[in-house]
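Colleague: My structure is below; once you've seen it, I'll send some questions.
Just so you know, all these numbers are worked out from the coordinates, no wet-lab data involved. Keep in mind it's a predicted model, so treat the numbers as computed, not measured. Because the Cβ atoms are built from the backbone with ideal geometry, glycine has one as well, and the counts that use them run over all protein chains shown.
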Amino acid sequence: MFRRQSSTASSISISLDPNRPVIKNVQKEIDFALILLRFQNPRELFAFSPVSISLGFSLIHSGASGSTRDQIRDFVLKGTSHKHFEKHFAKLNYSLLRAENGTEMCMANHLFADTALEVKNDYLQKIERLFRSGVTQLPFFENPHGSAVSINTFVGMKTKNHIGRFMNDLNFPIGRISALTVLNFLVSGASTILVNAAYFMSEWSTKFDGAYTTKLDFHSSPMGKRQVDFLSSSHPVLYSENNEFRVLTLRYKAESFAMSIFLPINRFGLREAIMGLNSVKVQNLLTRASEEQMNIQIPKWNIECDFPLTEAMPLLGVAEMCGPFAELDDIAPGASISQVMHKVLIEVGENGTTSTTGAPRKNQCPPDNVDFLADHPFMFLITKDLHPLFIGTHY
């Protein structure tokens with residue numbers, strides 16, 4: 001049952017000028033996230049980090065030229081100039097590294113190259129200036145295991161050991177992480193790996209009481225259901241709706257971060273609703289929300305999944321950087337990308353969103369008269385100042 005308590009609501013609608021450059025950039029970031037989400041056509045638990053993928057591609061953009069550079073720009077932030085592209089992601093990268101109240105965002109953005117590869121000095125200076133990134137040369141072929149250990153150590157140091165062992169002899173990422181984008185290069189037989197790893201942890205502004213966590217049915221389809229733990233609470237939240245979605249936004253301690261649940265009004269119509277979603281609709285739902293006292297029940301969830309971007313890129317208009325005609329000579333002569341991998345882990349519980357699970361607590365009865373019950377497939381979005389950090393679907 002849905003019941004809105006409008007008598008306690010206080011409007012906090014935000015008026016945004018759609019012509020402001022920062023708003024247009026956020027819209028393009030959201031469109032990029034939605035394009036990737038629709039391409040995956042998810043019908044299961046699925047998530048990825050648009051910001052991790054974007055920053056990984058930004059490092060490649062810094063060493064690309066010609067049509068390869070154009071494809072990367074149009075793929076990630078369509079309609080901008082190359083100079084604006086670099087400035088935008090350099091600024092976003094910097095803003096994500098600043099610590100805020102109750103929130104930790106750690107990132108590792110780095111290039112690892114075989115010792116046989118001669119990476120151009122101009123490129124190294126550029127990625128250091130824009131992204132505080134660099135290159136480390138390792139003996140990939142002579143000592144693959146030692147090289148993997150070195151990469152793991154670097155990422156662990158940069159993420160304060162929240163992201164541990166994720167490379168297994170340079171084959172694929174493993175482990176419990178928040179977001180990881182890996183781009184493998186082959187340059188005249190020499191291997192190069194670009195890594196973007198992102199860890200996000202934050203506490204809710206108002207925590208859920210574990211005493212009210214309870215088992216309820218989650219209906220993944222008209223004929224399919226399973227029992228899962230649901231978080232239950234009654235406290236002020238941000239709420240908005242349109243003809244396709246009811247949107248609940250939960251704030252983190254750091255006010256610039258939030259998680260929004262897009263619950264389709266058509267109970268099992270999430271896929272169709274996502275197909276009709278765009279950045280303008282998302283921004284309207286998020287910025288025109290009002291604060292309301294609501295009884296809510298949302299599932300606890302844990303998503304760990306891979307997104308094989310290599311197969312997606314040609315179909316999304318970014319084929320050149322992975323082929324023999326890649327124009328990446330500003331990184332190193334003859335460079336091309338052989339593989340793009342992305343991995344994400346998101347855990348949502350009583351305390352907030354993190355890469356570790358909290359201790360279980362005794363369940364009690366949830367509040368009566370539930371206003372927002374997320375017991376069927378929904379989309380979720382974790383943002384910072386509306387920039388999409390993580391997006392996914394819960395089935």
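Colleague: Quick one: Karplus J couplings for the stretch 123-129, per residue in order, coefficients 6.51, -1.76, 1.60, θ = phi - 60°, nearest Hz, x for Gly and Pro?
Modeller: For the stretch 123-129, the Karplus-derived couplings read 5, 4, 5, 5, 6, 5, 5 Hz, x marking Gly and Pro.
Colleague: For the stretch 236-292, which trypsin sites (Lys or Arg not before Pro) pass both filters: DSSP loop (anything but H, G, I, E, B) and at most 13 other C-beta atoms within 10 Å?
Modeller: Of the trypsin sites (Lys or Arg not before Pro), the ones in loops of the stretch 236-292 whose Cβ has at most 13 other Cβ atoms within 10 Å are R267.
Colleague: Under the Karplus relation 6.51 cos²θ - 1.76 cosθ + 1.60, θ = phi - 60°, what is the ordered set of whole-Hz ³J(HN,Hα) values for the stretch 268-278, x standing for Gly and Pro?
Modeller: Ordered by residue, 3J(HN,Hα) equals 10, x, 4, 4, 5, 5, 5, 4, x, 8, 9 Hz.
Colleague: Among K215/K343; K126/K343; K207/K300, which pairs are too far apart, with a Cα-Cα distance over 18 Å? Display every interim value, and only then the final one.
Modeller: On the way: K215/K343 29 Å; K126/K343 27 Å; K207/K300 13 Å.
Distance filter (> 18 Å) returns K215/K343; K126/K343.
Colleague: Output wanted: per-residue J couplings in Hz (rounded whole) for the stretch 215-226, from phi through Karplus 6.51 cos²θ - 1.76 cosθ + 1.60, θ = phi - 60°, x for Gly and Pro.
Modeller: Using θ = phi - 60°, the values come out as 7, 9, 7, 10, 9, 7, 7, x, 10, x, 8, 8 Hz.
Colleague: Can you list the lysines whose alpha carbon is less than 16 Å from that of K158, not counting same-chain residues fewer than 8 positions off?
Modeller: Partners found: none.
Colleague: Tell me which GluC sites (Glu not before Pro) from the stretch 251-316 have a DSSP coil assignment and no more than 15 other beta carbons within 10 Å of their own. Kindly include the intermediate steps, with their values, before the conclusion.
Modeller: Working: sites: E255, E272, E291, E292, E304, E311; in loops: E255.
Taking the stretch 251-316 and a limit of 15 other Cβ atoms within 10 Å, the loop GluC sites (Glu not before Pro) found are E255.
Colleague: Can I ask one more? Would you mind checking which residues have amide H under 5 Å from F390's amide H? H placed 1.01 Å from N; only 5 or more apart, or other chain.
Modeller: I382
Colleague: Need the list of lysines near K24 for cross-linking: C-alpha distance under 18 angstrom, and skip anything on the same chain fewer than eight residues off.
Modeller: K78, K83, K87, K91, K281, K384
Colleague: When only C-alpha pairs under 8 Å and at least 6 residues apart count, what is the relative contact order of the stretch 223-312, in percent?
Modeller: Values: 104 pairs, mean separation 35.7, N = 90.
Relative contact order for the stretch 223-312 comes out at 40 percent.
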